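See structure below.
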Amino acid sequence: MTPRAAIPPFQTFLEEHRSIVYRFLRASVGVERADDAFQETFLAALRAYPSLEDGRNLRGWVLTIATRKAIDAGRAGRRRALTVADVAAVGDANGQVGGEPEVFDAEDPVWKAVSSLPPRQRAAIVHRYVLDRSYAEVAAAMASTEEAARANVHQGLRKLKEVVRDEDE
């Protein structure tokens, strides 16, 4: 049996994971709703934190909570297209905000299409391609199987290709 990892104080946990969670939420729900989803995510984490038994994979655990909050926001029908500012603010794989805003076009049909995907497909696409996570990590964050994560990514990509193809015609 593997020994359990120590659980850090909540403030340390928050400081270590807030950047990646915020980045995920900005890409998933947009800049306007990211703050609320961020607060809801860490409030839920704070409530559950005392009952954690192991300090391993806290990043995956909090991203799972964030994914559920993003899906809830999508189900509530509060979707909108990502803007150039949204995409630029997402940052790089290390959660560093910045980037090259001129690379992203606010009228780009791909970014418009991403916002129109069903919540689980949108979350899977963001985890896989914005956060550059493996399918196993996508599955863990979405509390699903690796096969379901692959299916959500595949279906989302298929819909994105259809939208882009329709725009080109």
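In table form, for the structure just shown:
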quantity	calculated
Those residues of the stretch 19-36 which are under 18 Å from Lys112 (Cα atoms) and of a type in the set (Asp, Glu), in sequence order	Glu32
Conditions (1) at pLDDT 65 or above; (2) surrounded by 16 or more Cβ atoms within 10 Å (Cβ to Cβ); (3) in contact with a Lys or Arg (Cβ under 6 Å, 6 or more places away or on another chain); number of the one not met by Gly95	(1)
Output for the stretch 104-121, where each listed residue is farther than 15 Å from Glu162 by Cα and either modelled with pLDDT of 85 or more or buried (at least 17 other Cβ atoms within 10 Å of the Cβ) (or both)	Phe104, Pro119, Arg120
The stretch 1-40, residues that are outside any helix (DSSP H, G or I) and without any contact (Cβ under 8 Å) to a residue 12 or more places away in the chain	Met1, Thr2, Pro3, Pro9
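The values are calculated or read from the model by the stated rules, or taken from the named source; none is laboratory data. Only a predicted model underlies this, so the values are computations on that prediction, with no experimental measurement involved. Quick reminder, even Gly has a Cβ in these numbers, built from the backbone with ideal geometry, and neighbours come from all protein chains shown.
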